[in-house]
Amino acid sequence: MTGERASGRGIMWLTVLIALLLQVMPLPHALQAFRPDWVLLTLFYWVLTLPHRFNIISACLVGVILDVLMGGTMGVRGLGFALVAFVVAVQYQKLRHFTVVQQLLLVGLLAALAHLVVFLVEYLTSPELSVAFSPAYLQPAVFTAILWPWAFWLLGRIRRRFKIR
């Protein structure tokens, strides 16, 4: 039993590692706005399906790791991811019964919330930067939502294949 739980945890963290690599993978500047938030998709799935194994602390840790990889203000993405994980963990029983379209909309809203939190904290902590908000800043949230059904399907297959409970 312990070996199964340990391997399941390893597979979960492997999917998060792959999402982190996809998130920091270099893209041409013209395609940056179309990059979905791979890490948020993965976190949303694991918190939704296994909130007792992947929780707010895990999401915050992954956000801090992403801050280190992206060279951002330490803890900003951790705060955004923890906020999203909190919303999902509190309502996971309701969210599981949503249709795919409803979940897609919720993923888009929560991705936008995470991006807004990151923007707001970066803006408030870096007064020397003159950053103006534009709606294009939320474009990745749209593509994150569009990819939700495929991410849900793929991570569900991985979860069933490795019998992660």
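So for the pair Thr73, Arg157, with labels modelled 7 Å out along Cα→Cβ, what separation do we get in nm?
4.0
Please identify which residues in segment 78-98 have an amide N closer than 20 Å to a label point set 7 Å out from the Cα of Thr125, following the Cα→Cβ vector.
78-86, by backbone N distance to the label point.
Can you pull out the chymotrypsin sites (Phe, Trp or Tyr not before Pro) in segment 75-165 whose DSSP state is coil and whose Cβ has at most 12 other Cβ atoms within 10 Å?
Details: sites: Phe81, Phe86, Tyr92, Phe98, Phe119, Tyr123, Phe133, Tyr137, Phe143, Trp150, Phe152, Trp153, Phe162; in loops: Phe98, Phe133, Phe162.
Those that pass, being in a loop and sparsely packed, are Phe133.
Kindly provide the trypsin sites (Lys or Arg not before Pro) of segment 26-113 that DSSP labels as loop, not H, G, I, E or B, and whose Cβ sees at most 12 other Cβ atoms within 10 Å. Don't skip to the answer; put the middle values down first.
Numbers: sites: Arg53, Arg77, Lys94, Arg96; in loops: Arg53, Arg96.
Those satisfying the criteria are Arg96.
Would you work out the Kirkwood radius for segment 48-102? I mean one over the mean of 1/r across all pairs of different Cα atoms, in Å.
Details: mean 1/r = 0.0849 Å⁻¹.
For segment 48-102, the Kirkwood estimate is 11.8 Å.
Once you treat every alpha carbon in the chain as an equal point and sum by Debye, what is log10 I(q)/I(0) at q = 0.13, 0.14, 0.15 Å⁻¹?
Computed log10 I(q)/I(0) values: -0.61, -0.70, -0.81.
Where a number appears in this text, it was derived from the coordinates with a stated rule and is not lab data. None of these values were measured; they are calculated from a predicted model. Positions of Cβ are backbone-derived with ideal geometry, glycine not excepted, and every protein chain shown enters the neighbour counts.
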